[in-house]
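Q: Attaching a single structure in structure tokens format; questions to follow.
The values are calculated or read from the model by the stated rules, or taken from the named source; none is laboratory data. Fair warning: this is a prediction, and the values are worked out from it, not measured in the lab. As a convention, Cβ positions derive from the backbone with ideal geometry for all residues, glycine included, and neighbour counts pool all protein chains shown.
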């Protein structure tokens, strides 16, 4: 795969080669096998829109999409993602051309400090897809019917993304706006 | 323009991941990475230390311990949170997790792995780790006494004398404590997650013994603070020492668990609340005795017992505090200091009194309103507590409240309503802002105030645009660098008020300067700037501290609120769910309706959290936090919070400042916690006086199924 070089970090002893595709752009890295996918994005590729909030899979700030599914990138070693397609907040939209979900977060004030926000936005997009795909959740009443695209389903499925500013009501309003759920 | 619900001007950068928080800055080049090793005992000293295995690890550049750390200022026992905070200068360990070694390596992975290979020998001494009725020293502090509370208790038609406990709380903002220190040509730059940059720069310079002119602190984007990013912590000092020694930038990000041991906490407390009232519900006595944890290391004291001093009228009053000096680490401000534990407790006690009297708890609060500060005997400015209560009650449908506890069911849910009052002091400190008019048509606002999610970038632009009569889009706001005009940062709910007053005064000064040469009849501000000041024009405005403002002597200045909550408690499992919530607040002139509502909602959710979720638990053997991470230290999630609402009354408090604005950052939390506790009682008939209200405390008392 033709790739862009690493960000110029000194090559750690024991580093192994890794090819990733991030936001459609191929990368070839030499990476310490102890490096999390989160730290690979932040420290090696300087894609710091993916946030480190706990480094233990407890807060959701590091949420990215891997081959279309959301994961906590801090709980995954970078070397486990050979050949994977990674989508981060930087690939979703730029300040000049925002994705509708990003714009909805601004319109509904779905953040204050903004640190959990990229993870919230990526989770929100994945949640809508998970519901559309018929994946049930803890609050799905009827497991034999498609889960409804409702506020309670969204709240339940977004609960892995903590927001200490507690912008929760506004985040839900933003997601409802984008997904067409009446508030 | 002031007050308009403009969307945040920093929004596009934040939602697109382009806003660079402290550990994301790279203008200094690639940094080295640090990792702190914390003490594995609660109290004692280091007796042996072997760093040889760590130093031999690949990539390791430096290992600092108390044996080789550079000279720093003397440790100040009982230091204030922005005093000097020397690191690794002693073998003494004062609390679990305190730094004992610091590793710097080429990468984070290398530094972390090497830190794990440092061998430390400890000598453990017995510590005091448990707050209880026996842990407090006998002396009373911060006592305020009027009349004779004991006599009022003896004569009261109804009285309450109850003991409540509140746990340790941590701020735990989503962004970890982080710093990149860069020593270059004799100048130290800190990119650090901080709420008060100038004060932090002072403390760092004094700690590491460099001239104050040799340091710049930059906190352009801060991922939340809630009090935790006010104090000077190890990440600033250790990264600064290392960059000066290595001549390379050093990045240090605390782990989430280190956020529990290296940053401080809200102390646990035990309160005895005494209330006495006439048969008609007139309070005759108010008493609040608090026993709070304090630290031998730090001087911060939580004002738990003080919250009711201006809240309700009563002739006989006694509020005071005893100190339990424990080795559980440093106390620091956590959002709603004093108010969260204090109001949660006091508003619960008032609810107990209302039930004893057979008076609606809303009505009891209204009957004990006061226009005069009952202890300072001066007018309360902007006292609109009763309006908050009445407006909230009407909108919420308080008249539908179940009159008898545990009397309403919705399937398996026991339904209850609760109300709580909020009060929060408004403070003003010195602050400066500079405003510049560029001939090319741009307004530049500069101050060292931080935007920690408070909306400062947006509000500052609105205030300047309003004062100068230009569109907000023409205003560029530069914040949070210690080489900008000095304020007092974000904290104490004073940031927006301080900053806005200074910006407005700078703009007025500019208009006067311009008016002297251009008159007042001009149509195009910038045409006049180009004509008379071809290189631009600037002015500095300042805000005086409250000690220098007579109105703060003539009035007691507070903000007020009332929260109404409906909960459901599952009769089978004891699980409590918030079903509805409304807060109504009186907080002066609102500067931005959108960001203010968000901040009030956030505060209310902190109230939910205090009542139902948050508690840090101490290991009584060694003072370690047994649940020190986001898996076990419970904070509200999306699923815990329904669509709730916050309303700010249209208000203006000229006693606070000429803009009429007061602080809102901490107002929403305390009374909300009380409202939740009272709603749980109304739902279940179970009064939990040991917070948070969890399933195990409710289950034994729930009605039979």
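Q: Within region B:17-40, identify whether any single residue is at pLDDT 95 or above, farther than 30 Å from residue A:116 by Cβ and outside the structural domain of residue B:590 (by TED's automatic domain parsing), and answer yes or no.
A: Yes.
Q: Ok, one more. So residue A:96 ticks every box in (1) farther than 22 Å from residue B:579 by Cα; (2) surrounded by fewer than 18 Cβ atoms within 10 Å (Cβ to Cβ); (3) more than 9 Å from chain B (Cβ to nearest Cβ) but one. Which box is left unticked?
A: The single condition residue A:96 does not satisfy is (3).
Q: For region B:83-116, give me the residue count where each residue is more than 14 Å from every other protein chain (Cβ to nearest Cβ) and surrounded by 18 or more Cβ atoms within 10 Å (Cβ to Cβ).
A: Residues meeting the conditions: 17.
Q: Within region B:417-461, how many residues turn out to be assigned to a loop (DSSP other than H, G, I, E, B), more than 14 Å from chain A (Cβ to nearest Cβ) and surrounded by 24 or more Cβ atoms within 10 Å (Cβ to Cβ)?
A: The total comes to 4.
Residue-wise test of (1) away from chain B (no Cβ under 12 Å); (2) surrounded by fewer than 24 Cβ atoms within 10 Å (Cβ to Cβ); (3) over 25 Å from residue A:129 (Cα atoms).
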position	(1), (2), (3)
A:46	no, yes, yes
A:52	no, no, no
A:64	no, no, no
A:86	yes, no, no
A:100	no, yes, no
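Q: Looking at A:141, A:126, can you tell me which residue is out of contact with any helix residue (DSSP H, G or I) (no Cβ under 9 Å at 6 or more places or on another chain) and farther than 30 Å from residue B:665 by Cβ?
A: A:141
Q: Just for region A:73-84: of the residues that are within 14 Å of another protein chain (Cβ to nearest Cβ) and out of contact with any helix residue (DSSP H, G or I) (no Cβ under 8 Å at 6 or more places or on another chain), which one is nearest to residue A:31 (Cα to Cα)? I'd like the intermediate steps shown before the answer.
A: Initially, region A:73-84 is screened for residues within 14 Å of another protein chain (Cβ to nearest Cβ), giving A:73-75, A:77-79.
Next, from what is left, pick out any that are out of contact with any helix residue (DSSP H, G or I) (no Cβ under 8 Å at 6 or more places or on another chain): A:75, A:79.
Values: A:75: 16, A:79: 8 Å.
The residue in question is A:79.
Q: To continue, here is another question. Has region B:223-236 got at least one residue that is touching a strand residue (DSSP E or B) at 6+ places or on another chain (Cβ under 6 Å), buried (at least 23 other Cβ atoms within 10 Å of the Cβ) and farther than 24 Å from residue B:266 by Cα?
A: No, region B:223-236 contains no residue that is touching a strand residue (DSSP E or B) at 6+ places or on another chain (Cβ under 6 Å), buried (at least 23 other Cβ atoms within 10 Å of the Cβ) and farther than 24 Å from residue B:266 by Cα.
Q: Now for a different question. From the list B:258, B:251, exactly one residue is surrounded by fewer than 24 Cβ atoms within 10 Å (Cβ to Cβ) and modelled with pLDDT of 95 or more. Which is it?
A: Only one candidate qualifies: B:258.
Q: Let me ask you something else. Being assigned to a strand (DSSP E or B) and either under 30 Å from residue B:33 (Cβ atoms) or within 14 Å of chain A (Cβ to nearest Cβ) (or both), is that true of even one residue in region B:287-295?
A: Here is the first cut: in region B:287-295, the residues assigned to a strand (DSSP E or B) are B:287-294.
Then drop every residue that is not either under 30 Å from residue B:33 (Cβ atoms) or within 14 Å of chain A (Cβ to nearest Cβ) (or both), which leaves none.
Checked region B:287-295: no residue is assigned to a strand (DSSP E or B) and either under 30 Å from residue B:33 (Cβ atoms) or within 14 Å of chain A (Cβ to nearest Cβ) (or both).
Q: Which count do you get for residues in region A:138-183 that are over 29 Å from residue B:452 (Cβ atoms), at the interface with chain B (Cβ under 10 Å from one of its Cβ atoms) and assigned to a loop (DSSP other than H, G, I, E, B)?
A: 2
Q: Grab the helices (runs of 4 or more DSSP H) fully contained in region B:464-563, keeping just those with 3 or more residues being closer than 30 Å to residue B:199 by Cβ.
A: B:495-518, B:551-554
Q: Determine which single condition residue B:589 fails, assuming it passes every other condition in (1) closer than 16 Å to residue B:173 by Cα; (2) away from chain A (no Cβ under 14 Å).
A: (1)
Q: Can you name every residue in region B:1-13 that is free of Cβ contacts under 8 Å to residues at least 24 places away in the same chain and within 24 Å of the chain's Cα centre (by Cα)?
A: Passing the criteria: only B:11.
Q: Any chance region B:573-588 includes a residue that's touching a helix residue (DSSP H, G or I) at 6+ places or on another chain (Cβ under 9 Å) and in a helix (DSSP H, G or I)?
A: Among the residues of region B:573-588, not one is touching a helix residue (DSSP H, G or I) at 6+ places or on another chain (Cβ under 9 Å) and in a helix (DSSP H, G or I), which makes the answer no.
Q: For region B:167-189, name all the residues that are part of a loop (DSSP other than H, G, I, E, B) and away from every other protein chain (no Cβ under 14 Å).
A: B:167, B:185, B:186
Q: Of all residues in region B:144-181, which are within 29 Å of the chain's Cα centre (by Cα) and more than 30 Å from residue B:692 (Cβ to Cβ)?
A: B:145, B:179, B:180, B:181
Q: Within region B:227-249, how many residues turn out to be at negative phi, more than 14 Å from chain A (Cβ to nearest Cβ) and not in a helix (DSSP H, G or I)?
A: Count: 4.
Q: Shifting gears a bit: I'd like to know if region B:580-591 contains one or more residues that are on the phi > 0 side of the Ramachandran plot and at pLDDT 95 or above.
A: First pass over region B:580-591, keeping only residues on the phi > 0 side of the Ramachandran plot: B:588.
Narrowing the set further to residues that are at pLDDT 95 or above leaves B:588.
Yes: one or more hits.
Q: When only residues in region B:601-653 that are away from chain A (no Cβ under 11 Å), outside any loop (DSSP other than H, G, I, E, B) and touching a helix residue (DSSP H, G or I) at 6+ places or on another chain (Cβ under 9 Å) count, which is surrounded by the fewest Cβ atoms within 10 Å (Cβ to Cβ)?
A: B:647
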